[in-house]
Amino acid sequence: MKRNVLIILLIALTTFTGCYEMEPIENLSIIIGIGYDVQKEGQKKIVDPIEMFVFKGDGEVERLISPGIAETIYNTINDRQTVMSKKFLVGTEKLYLISREWAEYGIEDLLDTLVRNENRNEIAYVCITEGDTKHFFSMVPIDNTSMSEAISGILKFSYLANFFPKEVTIKELLFMYHQTGRRIILPYIVDDKGKPKIAGICVFDGAKLKHIIPLEEAFYINMIRSRKSDGYISIIKDNNPKICYTIKAKNYVNVEVDYDDKLIYTINITLKGNLKTDTIHNTAITAKEAKEIERTFEEYITEQLNKTIEKVQNKYKIDCFDITKYAAAKLGKHSPLLTDEEFQRAQINVKVKVILVDLGRSMK
Amino acid sequence: MSKVIENKITKRQYIFILISAVVGIGILSAPNSICQKAEQSGWISMFIGCIYPLTITYCAYLSYKNLGFIDFYTLNERIYGKFFTKIIFIFFMLTLTIYASSVLSGFFNVLSKEISFFLPPSMIVTVVSLTIVFTASFGLQSLGRLSEIVFYFSSMLFLFPLFTIKKGDTTNILPIISSFEKIISSIPASFYSYAGIEISFFILPYVVSKKTIKNAGFISSIIIALIYTSLTFLTIYYLGFELTTKIYYPVLFIMETIEISIISDFKIVFIFLWSGIILKILACDYFVIAHTFSRLTHIPYKKSCLITWPFVMMFTIFMIPEHGRNVFLDNTIPYIVYIVLLYSIITAILSKLKVMKGI
Amino acid sequence: MEHLSKNIYQNINKIISYMPNSSTLVKREILINKRTKCFILYVTNLCNRKSIELHIISPLLNKVKEDLETIDNPAEYIMQNYLSVSEATIIKHLDNITVELLRGKCLILIDKTNQAILCDTSDIPHRNIQESNIEKTLRGGRECFVENIEINLALIQNKVKSNKLRIERLILGTENNADAAIIYLDGVIDPVVLDTIKFKLNRIKKLPYILCTGYIEQLIEDFPYGFFPQLKNTEKPDKVVSDLFQGKAAILISGAPYALIAPAVFIEFFQGFEDYSQRILTSVFVRLTRTLSAILVLLATPIYLCVLSYTSAIVPIKLIKVIYNSRLGIPLPPFLEILTMEIAVELLREGGLRLPTPIGQTLGIVGGIVIGEAATKAGLVSPTTLVVVSTTVIASFLIPNYEMALSIRFLRFPMLILAHMFGLLGVILGFYLIVIILINMNSFGIPYFAPFAPLNYSDLKDTVIRFPLDKILRKPKSLKIKKGKI
């Protein structure tokens, strides 16, 4: 009996086997970066430049940028395969670049593809670019083999300053789009003399890009929306940059929501930091003075935050702080209070607490 | 040495067979189906859903206790007579065939999407189902041993989602109760995850230590419920119910987002371990199919393993398209579940009456 | 039963008829007390001539003064009064006489009596006890078995000074009548297991000849077509002794410097004898390394093949760069490339096995380094493939038992073919099938995969990890049929 099963198994194995049209690894083109542009002239066709590796043997790796032009995302493959000499391998990509024009036009198709196609890499980095993505791919990488690796490196380590959130990946993009009370906020990359540079954040409304917020304002928006990121804050005295306090801080955010005719958000921000520079005091810092520095920072940051909140509520008019989700958690996912109008008339209180963990080794 | 292979299992193996007969494809898809209605409170419905396995195992225990741990066929004959026994057996055989083929087709869908996209469907189904026939042909004792060891092997699989604890967001699961109506109305959706517990009726008489068997069904039901509940909870906690309801296999999505240094796609490791679980659940289901078939037709067990194979294959190929499968299961599983519930309760009561009359 | 007759010539002729053409059979004729005819028969080279001369012929010639014909039992009388050999018996029939003579015994036939004396004067040439060449141990006894079963038994008996030790002798092979023995500790071994072993040994008694423990092993194991060895072979007495204390039986056969140990379970083949002498943490580490190496041997090349051919996206992009670059310009498709490398390695290993050590080493160096280097330089094989294949080969040497290492190495090929046919699914199914087969195997009634399946928590202390000695120095429960049956 067992022998019969074995024999059938063996026959099945041997008769059905053959080549499955699978190519060995050297016949694949390894994609590392995917970009999405909109053709400016003509009828809004998608230009889909792809950066991939070209291997020359002996450890030499070059790269190739190959755009495809068509109406939809996947039709670009039709176009590109007409010039490709190899088979595509999706799943190795490290970076998704989306041009500003296309983001303003809407990225619903991309968002659906990312959910539907299980071969896409969910932990690839993603950002919005100023101008064509092809332009960014064709820059010359300095310490990487490809621009995709260079830009994803920039995004990966962006959380070390400016309070950028840790995850700037596709999965986070999907979370931001789908979860109730959240919206897509992505870094904005510009061309700075032939080098990519983060210049701000892009705030989406649904799947369409709405606002681009410059880094100065984004700094305080990030402070509210991200968790356990790093940033450097300075207070300059008498307009003289030589006389200042600087701290490096990690932010811990806690949001409470209340409803009393309008939404009341209470944002508790705790900044735990190290004092990096202090050219104001010339004596050793005592506990009292440390408290004073903390209080100075608390006041300064509260003021800045209030300014930013006011600006967001009045100028941008949509929730850039990612705080509506707390309202959704408190009032239910289907609450009618989660709209932008409610956000505009909401009362947002900020409570900042600065804790100096370390004053440095300086005795002075 | 064929004498050694008697169909006897220990209490521990009984528990593990129950677990392995239930925990299967549901690991990947349970959060999806349960969140459709219950939203972020899906995990509560999932936990309440364990009344189904609890009832079934307890009724099975009661029936056998009243009538003295006889064979399932004899038990039915004593309660319902010959004709109805045949019908009951045919019903169970069909039920388990539906379970097995739905699991197999689900397994095929995952495989064909993730690792075996180059293989023709008939190939995958043939190879996997033949492996199952081979496994099941060794009998119950081998199944007991297998369930035990594979459970431990793959239990680390239940630990992987724990990595999401750090990265999840509490706002996704709050407010804890979406609404009581939603929670109650989505409990039947959880029954599909718990389907397969019917094997309890078939294997209980083969347990060696019958004195301590009372709490075994309880233990296994609770373990299964905990596995499912924690998985659903963590999935919602990490993905949010909105995304969970959009993906057929949300747990696989979580696996894809795990970053470790040597493997870029952690999903593969997950599928590797998870395949063990699937092969095990299929073997358990297949055991019941072959067992019922051999009792109905008096063909020896090992032969019926082979004879029923084309039957299961046919069902599986019919169930492969994901949307068609869901429609079919949505229209059959609830009825099956109610019939099985009704049957087990009636059997428990009738067996008690039988004993009372006998005295 | 062939009884001795009173006529001495009749007896002699019978014995000669049993051993025709036996040029080595010596028939020394003497007259006891110058009157009674007596023959001393022995096979030359198997006996100690000096002791025959000194302790048998000399007393019979010089000391016997009685008239033997007047004595009732002359043979017994002589044995009791004159023979100064340590071991002597009276026989009344000629059954097995050829075997006894070939064991180096010496037969004294006396005229006019139907009894004969069989004296043990054996001095069969044998090898001295030496250090083992194959099973090297860092700690523990150095001595190993020799071809002489008596010496082997002595080696074991010397180490087990216990009144529970039982040695049962039996003769295997109808033609070569090889001496064999089952050794076990009474009360420690499970009686059912012991009966099974005895039953199986009795069943093979009727075969014409059995030369080595390997013959017995194949004849008595439960699954002759199984992949894995089901009995342990060892040439070290201390290993045998340690297994006896765990409730196993050892089978010895003359002519083989090995002991067979039955029953054996899967995990034992991955346990070295030194593990118990080494410090606990290091031995746990070594055991984990061995387990890892066994998994590596099985899975490394199939998974590498999958990466090359089917699911390239599972490795990170930096690794893809390396693999991609190394594969450029290789003419063979991945499967054939790996298969040729694997076969080449097997050729080198098998070739080096029977060569004398210095040449074997040279072959290893030439084969491994020179050919490997040349093959990669010539672009026949990619360097990464070479690294993966040679790693698995080195890993396979970590498995302490040679037979198990061979089995696992053999299993690599089916796994590789499965991986080629079905990609990762093939690897998964292959691994699963191996587990199924392991679970359903038995070794003399003991589940082969114990204590994993059926699971026995207390016995897990001495498997892939090792608990302190005071926790594991006892009989494993999974070697008991009643407990471990299910």
Worksheet item: Structure shown: which of C:200/C:248; A:166/A:250; A:56/A:134; A:307/A:353; C:198/C:248 lie over 21 Å apart, alpha-carbon to alpha-carbon?
Response: A:56/A:134
Worksheet, complete the sentence: With +1 on the Cβ of every Lys and Arg and -1 on the Cβ of every Asp and Glu, the dipole magnitude of segment C:149-264 about its Cα centre, in debye rounded to the nearest 20, is 180 debye
Worksheet entry | Cα convex hull volume per residue for segment C:189-278 (Å³) | 98 Å³
Worksheet entry | Separation between Cα centres of segment C:89-146 and segment C:3-68, rounded to whole Å | 19 Å
Worksheet item: Under a no-solvent Debye model with one identical scatterer per Cα of the protein assembly as shown, what's log10 I(q)/I(0) at q = 0.09 Å⁻¹?
Response: -1.22
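State, as an integer percentage, the relative contact order of segment A:76-140 based on alpha-carbon contacts under 8 Å between residues 6 or more apart. List each step's numbers first, then the result.
Details: 45 pairs, mean separation 29.0, N = 65.
Once normalised by length, the contact order is 45 percent.
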Practice prompt. Binning at 10 Å from 0, report for segment C:275-439 what percent of all alpha-carbon pair distances ends up in each bin.
Written response: 10, 34, 35, 19, 3, 0
Fill in: Residue-averaged 222 nm ellipticity for chain A, from DSSP H runs of 4+ at -39500 (n - 2.57), nearest 500
-9000 deg cm²/dmol
Worksheet entry | Estimated FRET transfer efficiency (residue B:338, residue B:311; beta-carbon r; R0 22 Å; 0.05) | 0.35
Worksheet entry | segment C:374-441 pair-distance distribution - Cα-Cα, 10 Å bins, rounded % | 18, 37, 35, 9, 2
Discussion item. Quick check on segment B:17-172: what does the Kirkwood estimate of hydrodynamic radius come out to from the alpha carbon pairs, in Å?
Written reply: 19.1 Å
Practice prompt. Find the centroid of the Cα atoms in segment B:179-221 and in segment A:156-178, then give the distance between the two in whole Å.
Written response: 42 Å
Discussion item. Run the numbers for residue A:277 and residue A:64: contour at 0.36 nm per residue of separation, minus the present Cα-Cα distance, in nm.
Written reply: 72.1 nm
Worksheet item: Per residue, what volume in Å³ does the Cα convex hull of segment C:8-120 take up?
Response: 89 Å³
Worksheet item: What per residue convex hull volume, in Å³, comes out for segment A:228-364 when only alpha-carbon positions are used?
Response: 120 Å³
Worksheet item: Taking chain A on its own, what percent of its Cα-Cα pair distances exceed 27 Å?
Response: 57 percent
Worksheet entry | Relative packing of peptides C:243-252, A:289-298 - highest average C-beta neighbours within 10 Å first | C:243-252, A:289-298
Discussion item. Per DSSP helix of 4 or more residues, -39500 (n - 2.57); summed, then divided by the residues of chain B. What does that give at 222 nm, rounded to the nearest 500?
Written reply: -24000 deg cm²/dmol
Worksheet item: In nm², what is the average projected area of the convex hull enclosing the Cα atoms of chain B?
Response: 18.9 nm²
Worksheet item: So how do C:193, A:357 line up by other beta-carbon neighbours within 10 Å, fewest first?
Response: A:357, C:193
Item to complete: May I ask which residue of C:381, C:124, C:391 lies farthest towards the positive end of the charge dipole of chain C, with charges of +1 (Lys, Arg) and -1 (Asp, Glu) on Cβ and the Cα centre as origin?
Response: C:391
Fill in: Reach of residue C:92 by Cα under 28 Å, taken over lysines that are not fewer than 8 positions away in the same chain
C:6, C:14, C:27, C:34, C:37, C:50, C:63, C:65, C:105, C:112, C:205, C:206
Discussion item. Run lengths n ≥ 4 of DSSP H only: what is the helix-derived mean residue ellipticity at 222 nm for chain C, with -39500 (n - 2.57) per run over all residues, to the nearest 500?
Written reply: -13000 deg cm²/dmol
Response to the item:
Computed for the protein assembly as shown: size of charge dipole around the Cα centre, +1 on C-beta of each Lys and Arg, -1 on C-beta of each Asp and Glu, debye to nearest 20, value 3480 debye
Worksheet entry | Alpha-carbon Rg/Rh ratio, for segment A:25-226, with Rh computed the Kirkwood way | 0.95
Worksheet item: In a solvent-free Debye calculation with one equal scatterer on each Cα, what is log10 I(q)/I(0) for segment B:262-356 at q = 0.10, 0.15, 0.20 Å⁻¹, listed in the order of the q values?
Response: -0.48, -0.94, -1.18
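Mind checking the dipole of chain A: about its Cα centre, +1 per Lys or Arg Cβ, -1 per Asp or Glu Cβ, Debye to the nearest 20?
980 debye
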Worksheet entry | Among A:89, A:65, A:125 - extreme Cα towards positive end, dipole of segment A:47-158, charges at beta-carbon | A:89
Worksheet entry | For A:334, A:281, order by how many other beta-carbon atoms lie within 10 Å, fewest first | A:334, A:281
Item to complete: Give the order of A:154, B:51 when sorted by the count of other beta carbons within 10 angstrom, beginning with the fewest.
Response: B:51, A:154
Practice prompt. Could you estimate the translational diffusion coefficient of chain C from the Stokes-Einstein equation, with Rh from the Kirkwood formula over C-alpha pairs, at 10 °C and 1.306 mPa s, in whole µm²/s?
Written response: 59 µm²/s
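None of the figures in this text is laboratory data; all of them are computed from the coordinates on show. Please read all numbers here as calculations on a predicted model, not as lab measurements. Backbone-built Cβ (ideal geometry, glycine too); neighbour counts: all protein chains shown.
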